[in-house]
Amino acid sequence: MYRNYPLNHSNTFGLDVMAAWAVKIPDLKDLEKITKERVFMEEKHLILGGGSNCLFLDDYFEGLAILIENKGISITNETDESVAVSVAAGEDWAGFVEKMVNSGYGGLENLSLIPGKVGAAPMQNIGAYGVELKDVFNSLQAFDLETGDLVDFNKEACDFGYRSSIFKTTLRNRFVILSVEFLLNKRPVLNLGYGSIKQELERMGVDKPGIIEVSQAVINIRKSKLPDPAELGNAGSFFKNPVVHNLVFNDLKSEYPDIVGYPDHEGATKLAAGWLIEKAGWKGYRSGDAGVHHKQALVLVNYGKATGRDIYGLAMQIQHSVKEKFGVHIEPEVNLI
Ligand SMILES: Cc1cc2nc3c(=O)[nH]c(=O)nc-3n(C[C@H](O)[C@H](O)[C@H](O)COP(=O)(O)OP(=O)(O)OC[C@H]3O[C@@H](n4cnc5c(N)ncnc54)[C@H](O)[C@@H]3O)c2cc1C
């Protein structure tokens, strides 16, 4: 157990943050042990992976940070068609995807290079380039911090939605996800229809892509568009794409013919939050060390010494201005701590 533990390397905004208490969890038994300690019972707690989807509002977290560090990847079932792979929550997501792609197991290639750890991935049902975690998810095992029980969750029990799951809503902070099992395909079906994957494959000179090439194309696109947190603090998309009724979309479309929207569930359209923010004039904006990335308006950045409050203040200004201009509410995807 650490006292006054720096979390500078556990949040990709690069904020100068400290936790009153912290504990590293390399094993289930460490987790069981910590729940019996006074600090756990008396203080609030925060489960933390790589901190790539968190914004700390204050520079001191008055509680216990539980740092998930268990490791291990194993095949739990295999047929001619597919393979079930169980991964410990503390494994690096991008490293795990790379291993699966290089082993010839398909399904995760469009999710290449997303920062963070495996345990956080189901939390918001991570997604990119037309694929979401739920598409390859089989089950997960989690530790109930209230009862001390180990509980298995199948896909239905996780209640996955767009950047959401039961762990981000009703069960927030109650369960520590310990491992996740994926069902991957030995005869991959490629998903090339989203974003600029096809153009990137063309640029790479690939005419018969496999999962390795698709993964590389996704990596190239991400590197060209998104700032690397090691160089410029950020947490990826700050806001979720808002979903509006088609009538609202049609009204907006008549006023703004180039508005970007994709069909969502019946009668609804998902708007590109980045487009709304850019059109509201925020792309490249900077106030002190808090700013909006010059290439991608959905990404808020820390140029160096911004505080969590600076970034949050900017986010609220953006939220307000998008509401004023388009009448659309955008809500943060990032977890506010
Ligand atoms: C440059 C960049 C690009 C990104 N691109 C994408 C993208 O394309 N798609 C996408 O979906 N996301 C993206 N993200 C967001 C982020 O990478 C993902 O949400 C990732 O899954 C977060 O992992 P983490 O380990 O860093 O989670 P953290 O930030 O540590 O935690 C996120 C939340 O999950 C909870 N949590 C963490 N671990 C556990 C656990 N084991 N059990 C229970 N709860 C837990 C935390 O309490 C917190 O509420 C991006 C971020 C960055 C910085």
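Springs between Cα atoms under 10 Å define the GNM used for the chain, and in it the highest mean-square fluctuation of T269, T35, T170 occurs at T170.
Separation of region 1-27 from region 119-154 is 23 Å, based on Cα centroids.
When the residues E202, E62, E156 are ordered by accessible surface, computed with a 1.4 Å probe over the protein chains alone, the sequence from largest down reads E156, E202, E62.
Solvent exposure of region 291-335 amounts to 44 Å² per residue of accessible area, where only protein heavy atoms count and the probe is 1.4 Å. Atom-type composition of the exposed protein surface of region 1-145 places 48 percent of the accessible area on carbon and sulfur (1.4 angstrom probe). Rounded, prolate or oblate: which one fits region 12-116, using the alpha carbon gyration tensor with axes a ≥ b ≥ c (rounded when a/c is under 1.5, else prolate when a/b beats b/c, else oblate)? Here region 12-116 falls in the oblate category. Between A120, A235, A157, the GNM of the chain built on Cα springs shorter than 10 angstrom shows A157 fluctuating the most. Multiplying the residue separation of K225 and D258 by 0.36 nm and removing their Cα-Cα distance gives an extension gain of 9.8 nm.
Full extension of the chain segment joining K44 with S103 gains 17.1 nm, where the gain is 0.36 nm per residue of separation less the Cα-Cα distance. For region 80-143, applying the loop criterion from DSSP together with a ceiling of 11 other beta carbons within 10 Å to the GluC sites (Glu not before Pro) yields E81. Counting only whole DSSP H helices of the chain, the ones at least 15 Å long by C-alpha along their axis and with mean Kyte-Doolittle hydropathy no lower than 0.0 are 211-225.
Under 13 Å from the Cβ of F137, count the other residues' Cβ atoms, weight Lys and Arg +1, Asp and Glu -1, and hand me the total. Could you put the intermediate results ahead of the total?
Values: positive: K134, K155; negative: E132, D135, D152, E156, D159, E181.
With Lys, Arg at +1 and Asp, Glu at -1, the net is -4.
For the chain, modelled as a GNM whose springs connect Cα atoms under 10 angstrom apart, the maximal fluctuation among N250, N241, N220 occurs at N250. For the set D30, D310, the ranking by accessible area, highest first and with no ligand, DNA or RNA atoms included, is D310, D30 under a 1.4 Å probe.
For the Cα trace of the chain, dividing Rg by the Kirkwood Rh returns an Rg/Rh value of 0.97.
Report for the chain the percent antiparallel among DSSP-assigned beta bridges with both residues inside it, nearest 5.
The answer is about 75 percent antiparallel.
Per residue, region 111-170 exposes 40 Å² of accessible surface when a 1.4 Å probe is rolled over the protein heavy atoms with every protein chain present. Taking each of K223/K270; K223/K295; K24/K44 in turn, the alpha-carbon distance tops 23 angstrom for K223/K270.
The values are calculated or read from the model by the stated rules, or taken from the named source; none is laboratory data. These numbers were taken from a predicted model, which means no experiment stands behind them. Glycine also receives a Cβ, built like all others from the backbone with ideal geometry; neighbour counts cover every protein chain displayed. The accessibility values were calculated without ligands, DNA or RNA, using every heavy atom of the protein model including side chains. Shrake-Rupley method; radii C 1.70, N 1.55, O 1.52, S 1.80 Å.
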